[in-house]
Amino acid sequence: MSESKLLVRGAGKYVDDIKLPNMLYMAVARSPHARARLLSVKGGLNQNDLKAAVGGGGEGWGGLTNPALAHPVFAQDTVNYVGQPVAAVFADDRYIAEDKLDEVEAEYEKLKPIMTIDEALLGEPLHAGTKSNFIMQRWLGTEFEDPKSPVVLEDEFSVARIVNNPLEPRGLIADYDGSKLTVYISTQAVFSIKDGLASTLKLDESAVQVIQADTGGAFGSKSALYPEYIIAAYAAMKYKRPVKWIESRSEHLAASQPGRGVRGKMKIFADKDGVVTGWRGEVLVDAGAFGGSAGSMSPFFIGMQLTGPYGIEKAHVLATAVMTNKPPQGPYRGAGRPEAAFFRERMMDLLADELKMGADEVRLINTTTENFKSPLGLEIEASRPFFGQAVLDLKYKEKSKSDKAGLGFFVLLSAIWGGESARIDVQSGKINVWLGGNQHGQEHYVFVKKLLNEELGIPQDIVTLNKGDTSMLKDGVGSWGSRSAVVAGAAVVAAARKLKKQVESKEGKYTVENLLRGNYSSEVYENQNVQLNSFGAVLATVKIDKFGLVNVEECAGCYDIGRALNPKMIESQIIGGTMQGIGQVLYEEVVYDEEGNLLTRNLFDAGLPIAENMPKFTIQIVEHPSKMPHHARGLGEAPTIGVPVAVVRAIERASGKRIRHTPVKPQELLK
Amino acid sequence: MEMHAHLIVFISRKIFLFIGSFVMFPRPFDYFSPKNLAEALELLQTLGADTKILAGGQSLIPALKLRTLSPKNVVDITGIKELSYIRKTENMLKIGALTTTGAIENDSEIAALLPILTETASEIADPLVRNLGTVGGDICHAAPANDFPAVMVALNASFTIASKGRTRTVQADSFFINKFKTALKPDEVLTEIQIPLKECEVGSAYRKVKKGSGGFAIAGAAAQVSVADDNAVSECRIAMTAVGPKPMRAPEAEKALVGKNPEAAVLNSIAKLAVEASEPVSDVTASAEYRRKVLGILVKDAVEASYKRAVMGCYEKS
Amino acid sequence: MKKVKTTFKVNGKPFELELEPRRLLVSVLREDLGLTGTHNACDSTNCGACTVLVDGKAVKSCTMFGVQANGKEILTIEGLAKDGDLHPLQKAFIEKQGLQCGFCTPGMIMTSYWMLSQNRDFSDEEIKRMLSGNLCRCTGYYGIVESVKYAKNLMSKKGGDIE
């Protein structure tokens, strides 16, 4: 990814900035209906040309157990979400490609769509060859007898679907020279794309090279394989011309893979002092129309995190994903972590109100003084030290009195499983680095340069972090799930130490001069099989005006990031994530009507926050070193986990109304 | 920018419904850029009905990009510089139809004479859109959520309309017929807006509630209040945005204010009457019920602010 | 559809092109002139990633036709740096973390350039208001506002207003 000094000149090279000779532009004809029989389709490439299913890989892949639930590349005989690709047309120019969409003729017989979790639970199966709309259902934790606790509280919550909406839309260029498929793509994970394309198109892995173009944000939307990527690659191979596809914003809003869309039912038992003695829960995920997406594993992932930073010893949770006539659920910054925190912290606030305890007191009494493994599977270090201090640093008691502040505690579970790979080449006195996961705004080059300087004494200005390219590494994972500083950082350290050994073995002794005078290459793949979690706490205050409009006045957070490798970026990430958290609570959702028509069709409807929505920010970085060689912990998703919790509680206190869902509409807050 | 009356055609057989399109570039059209008004009017006569006028383009071009409109001809009138002006006469403010929203927002004379126009302009869309969008375009596009229509109705403005060989004047009250439909005929162009000016004893204000980026009104209320020597209201005009297919008057509310001072109880009852005169619909941005609730508050705010301006010294209205 | 001869200047250079009227200015800049710094990121005139200056005023180039540029002077992000030296706004955005992924950045900088060209003071609230037509998803806007203030500072120290 180009560094900032190029991006400020407009000299970035995003996918749409790349022009290959003889290039074709692709436009996709899409279903206008949420559910219908596709009686016939004529024009462009369509189901008659390519019968294939979207294959797996990347953060957005949840595993597909039943082939009947596979997401077809072109709709096959049925359509199951508004915007589902039905055909694709090609032209020398993007304007003409859109004109050619008029040539596609499709005949539909509308069917009654399933648009809610309740309809999915009760209604007929969407797909032939299945008995229900369940994608998965499993228990976490262990059954337990009702504890003899005097306090029993139950409540139900929902978090609406949100579209990721990075500023740069999805896009790629596929180029086939007769034996090799080269893909330039806006992505978080070149290896996911490569694996997915190779398996779907039945190409040998060595025949596919994926290169990351500068990527204008992703937030989870650019790790998975999409039908359009496969169509473009297929067309490039068929027409023997490079094929470029760039989506429009309305396509992103309809047919990318939105996140959230989860319901939670919680029942907790607690003693009079606020100690929670048992936790029962149900997590229901609206997984969209097909299996294999994040929706297939997110219920389990959410369920696992329900106990959060608390030492709750008895817990039993049912995790369910059901299918609806919407695009498959994808990861959106947080990807289940925000939902788990929301369900849990809403209950903790309910408990605080029930016992007339402070929101901080009821939380602190449930934190742990030792490492703890939850019955649901989450492993945490002792949480009381961090949170005890956070409550003081955030000045919660004072702001609770003066401004009715909301408070949230959370755990960030970094998605470090799978680890990461790194390669370092030394040649002609210059250092070139490649990582398996691909930055898209997070300035990974800053921590790469810093770590190499620390490990090897190399001056930072001779180091280049190159763009992601599957031909430069044997394998790699991806940049998502608050993992990169942790796993890519660890891989860089490991590769650097391997390099050091190479120099020692050749020159007898390691010095920077010895390193730079030679030619070396070191590549490592560092897997990670442990959990690496970090804590965070957020405080928020709001004002509600006479129209029910909420202004978030202050958002303060304490975040434990292990080690601050890039303090300015850390602050920027926290602020950006805070605005996304505010967006979730106040403005953003995907809305369909009962007939399945998509109503949120442009950025205005999508509800992205603007500069005027900013609160006052207070950020406290805490550094409790992790066990990683470079001590880092994850960060990226932390604000989207903690902020909605605190803001919702602040709204609750300011309005006197119990809040059970996001987004919260002004109408609900009118006096 | 002006748009002639049209119906959005529901294309049933083809894959793209108006509500269902995912495109972002316009269809082809023939382009004309007349250098003066006479040339423009001549073109409108000869080109026929499948023609749209391009002014600021901030409403027309988005519709062309989504292909909800695909006219054969586009007549770009932005080259007609003489249609962009702000002029004060003894008892009239005259604004050329091509005056940009941004120019109105930043005009110090307007801020002194008619701050209602300043506050209206400054809350339309965003500063970039205001650099191109025109007051004439906002009026002639006549989308229910556009702000200037209700404001012009409240101010009892009149519009000069030109066609080849003819000019006529239409009161704002009679100009807005339905959503996206005005009294303009296919060969006509709005050229000037006239707003009656009175030095003293009249005040006006616009208040609206909008949603975030893009700033479309969820509901809006424009009011003009005139007072007699004893500061009792002698006349009131109320027009409401985004709560009906066109700017909605509230005649019962207006009558109820005459002869009174706008204290709390009076304001409450006129708000109720105004809401009863509205016809809001629910859409993805807001429910009809929410629109009604905030409309009541907005009418009170607009009337109260107008009254305050009316009883202030002459031309010290900000 | 007849092409229309369009004569205009971009970043000081004159161009004469035969343009299809329906082509948006953003497409003309990006495809016909290869100036890919201006980005096209939405379809509803919301996001401002396409912001350029036309005759000194910041506008959304996705909501203007290329043929409308006739007789006008356009300034794009590529026109800011002089002889390889970054404009103070560009330096400020780097220094004050005004960007992460960079996709909204050219639009943000061009709107800021227009702001600063008005040669008056802006409060923080006014800066935020002026940016209401430019969306960012990565930074949360704080760094952008700080960058604009810092740039104004840099420029007043140099004594240079924007031409």
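The values are calculated or read from the model by the stated rules, or taken from the named source; none is laboratory data. Since the structure is predicted, the reported quantities are computational estimates derived from the model, not experimental observations. Reconstructed Cβ throughout: ideal geometry from the backbone, glycine too, with neighbour counts over all protein chains shown. Surface areas here come from the heavy atoms of the whole protein model, side chains and all, with no ligands, DNA or RNA. Shrake-Rupley method; radii C 1.70, N 1.55, O 1.52, S 1.80 Å.
Data overview
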item	result
Subset of A:K450/A:K616; A:K449/A:K568; A:K430/A:K498 violating a 21 Å alpha-carbon distance limit	A:K450/A:K616
Isotropically averaged projected area of region B:202-317, using the convex hull of Cα atoms (one quarter of hull area), nm²	7.2 nm²
Cα centre as origin, Lys/Arg/Asp/Glu Cβ charges: chain C dipole, Debye	180 debye
Among the listed pairs A:K19/A:K244; C:K13/C:K158; B:K88/B:K185, those beyond 19 Å (Cα-Cα)	C:K13/C:K158; B:K88/B:K185
Mean accessible surface per residue for chain A, computed with a 1.4 Å probe while every protein chain stays in place, in Å²	33 Å²
C:L24 long-range amide H proximity, modeled H, under 5 Å	C:G66
Fraction of antiparallel bridges per DSSP, the protein assembly as shown only, in percent to nearest 5	80 percent
Additional length obtainable on full extension of the chain from A:E379 to A:K131, 0.36 nm per residue less Cα span	85.7 nm
GluC sites (Glu not before Pro) restricted to DSSP loop in region B:81-150 with at most 16 other C-beta within 10 Å	B:E90
Of the DSSP H helices in chain C, those whose Cα atoms cover at least 15 Å axially and whose Kyte score averages 0.5 or more	C:105-117
Which of A:V210, B:T167, A:T320, positive extreme of dipole for the protein assembly as shown (C-beta unit charges)	A:V210
Selected from A:G274, A:I193, A:A232, residue furthest toward positive end of dipole (region A:190-283; charges at beta carbon)	A:A232
Region A:1-105: relative contact order as a whole-number percent, Cα under 8 Å and 6+ apart	41 percent
Within chain B, longest stretch clear of exposed chymotrypsin sites (Phe, Trp or Tyr not before Pro) (DSSP loop, no more than 14 other Cβ within 10 Å)	B:86-314
Loop-located GluC sites (Glu not before Pro) in region A:340-397 whose Cβ has at most 10 other Cβ within 10 Å (DSSP)	A:E370
For the protein assembly as shown, radius of gyration divided by Kirkwood radius, i.e. Rg to Rh on alpha-carbons	0.97
At least 27 Å along the helix axis (C-alpha) and Kyte average at least 1.0, DSSP helices within chain B	none
Directionally averaged projected area (convex hull, Cα atoms, region B:81-196), nm²	6.9 nm²
Shielding score for A:612-623, defined as the mean number of other chain Cβ atoms within 10 Å	2
Calculated log₁₀ intensity ratio I(q)/I(0) where the Debye formula runs over C-alpha points of chain C, q = 0.14 Å⁻¹	-0.68
Simple spin-label estimate for A:K568 and B:S282 in nanometres, 7 Å along Cα-Cβ	5.0 nm
Residues of region B:81-196: accessible area per residue with a 1.4 Å probe, Å²	33 Å²
Angstrom value of the Kirkwood radius, inverse mean 1/r, which spans all Cα pairs in region A:420-526	13.6 Å
Average beta carbon contacts from partner chains per residue of A:434-443, 10 Å cutoff	2
Evaluated over chain A, the Cα radius of gyration and Dmax, each in Å	25.1, 78
Within region A:73-173, trypsin sites (Lys or Arg not before Pro) in DSSP loop having at most 14 other beta-carbon neighbours inside 10 Å	A:K131, A:K148
Dipole magnitude (debye, nearest 20) for chain A, charges at Cβ of Lys, Arg, Asp, Glu	800 debye
Dipole of the protein assembly as shown, positive end: most advanced residue of A:P85, A:T470, B:N91 [Cβ charges, Cα centre]	A:T470
Translational diffusion coefficient (Stokes-Einstein; Kirkwood radius from C-alpha pairs) of chain B at 20 °C, 1.002 mPa s, in µm²/s	107 µm²/s
Minimum 30 Å² accessible area buried by the other protein chains, region B:184-217 residues, probe 1.4 Å, relative to alone	B:V209, B:K211, B:S213, B:F216
